[in-house]
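Trainee: Mind looking over this structure? Questions follow.
The values are calculated or read from the model by the stated rules, or taken from the named source; none is laboratory data. Just so we're clear, the structure is a prediction, and the values are computed from it rather than from any experiment. Counting neighbours? That spans all protein chains shown, and the Cβs are built from the backbone with ideal geometry, glycine included. Keep in mind that these areas ignore ligands, DNA and RNA; they rest on the heavy atoms of the full protein, side chains included. Shrake-Rupley method; radii C 1.70, N 1.55, O 1.52, S 1.80 Å.
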Amino acid sequence: MIKSIIVAKAANNVIGNNNDLIWHMPHDMKHFRSTTMGHYIIMGRKTFEATKKPLPGRTSIVVTRNKAYKAEGCIIVNNIQEAFDLGKENQQEEVFILGGGEIYKMSMDMADKIYLTEIKETFEGDTYFPEIDYGKWKETKREQYKADDKNPHDYAFVELIRK
Ligand SMILES: NC(=O)c1ccc[n+]([C@@H]2O[C@H](COP(=O)([O-])OP(=O)(O)OC[C@H]3O[C@@H](n4cnc5c(N)ncnc54)[C@H](OP(=O)(O)O)[C@@H]3O)[C@@H](O)[C@H]2O)c1
């Protein structure tokens, strides 16, 4: 089972602020939706609370230390390994790690693949993606885009697999 991180990060690694996303990039939202559709998606409790409800068409797994935590339509786990085990038990070929900062940090050494959207600007924020050690990751795909009237920043869809 492939464990894939999916993230959109700014040039300075910022991914969020005040428990929310910073930029509005509809093409990235579309890319996120089509990449994750039908799959298990694993997210930290704070990211789940930012989205407020489970994402349609996907199996939402929320990671929390709170053993009493409940969220309608979601599977709750108390550590990320439990989420991976559920994916394996249910014959998933690929599961997606959706963030946020804490969950990315703990899964960087466990992930096999990263679907990375590079937003080609710096932003102020309070949550960061860990520095990618490119000695450990091989780029297998890169699609570059210029800003347009709907997507206000230059960006790239990149795929990295562990070397
Ligand atoms: N740009 C992107 O692609 C992207 C994607 C996702 C999120 N984000 C942004 O990231 C930010 C949220 O990230 P965050 O770092 O604040 O929070 P987070 O990673 O979404 O969630 C943190 C929570 O996960 C649980 N957790 C952490 N470590 C755990 C462990 N070892 N065992 C069990 N549970 C554990 C804890 O929940 P409890 O406190 O309930 O125990 C913790 O409070 C937001 O701004 C969001 O918009 C950006």
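Trainee: Top mean-square fluctuation among His24, His39, His153, Gaussian network model of the chain, C-alpha springs under 10 Å?
Mentor: Result: His24 has the largest fluctuation of those listed.
Trainee: When Lys and Arg each count +1 and Asp and Glu each count -1, what net charge do the other residues less than 13 Å away from Trp23, Cβ to Cβ, add up to?
Mentor: -3
Trainee: Using only Cα atoms, locate the centre of the stretch 1-25 and the centre of the stretch 83-101, then give the distance between them in Å, rounded to an integer.
Mentor: 18
Trainee: Something else now. Tally up the carbon and sulfur contribution to the accessible surface of the chain as a whole percent, 1.4 Å probe, everything protein left in place.
Mentor: So the carbon and sulfur contribution to the accessible surface is 49 percent.
Trainee: In Å and whole numbers, how far do the C-alpha atoms of the chain stretch along each principal axis, longest first?
Mentor: Sorted largest first, the three principal extents are 43, 34, 26 Å.
Trainee: For n ≥ 4 DSSP H runs only, could you compute -39500 (n - 2.57) per run for the chain, divide by its residues and tell me the 222 nm figure to the nearest 500?
Mentor: -6000 deg cm²/dmol
Trainee: Rounding to the nearest 10 and keeping the result within 0 to 90°, find how far the Cα-based axis of helix 26-36 lies from the longest principal axis of the chain.
Mentor: For 26-36 against the chain, the angle is about 40 degrees.
Trainee: So between Lys88 and Ala11, what do we pick up on full extension, going 0.36 nm a residue minus the alpha carbon distance?
Mentor: 24.3 nm
Trainee: Could you tell me what a quarter of the Cα convex hull surface of the stretch 20-59 works out to, in nm² with one decimal place?
Mentor: Mean projected area for the stretch 20-59: 3.0 nm², to one decimal.
Trainee: Counting Lys and Arg as +1 and Asp and Glu as -1, each charge on the Cβ, what is the dipole of the stretch 2-162 about the Cα centre in debye, to the nearest 20?
Mentor: It comes to approximately 380 debye.
Trainee: Lysines near Lys113 by alpha-carbon distance under 16 Å, same-chain residues fewer than 8 away left out - which ones?
Mentor: Hits, sequence-local ones excluded: Lys3, Lys9, Lys105, Lys136, Lys138, Lys141, Lys163.
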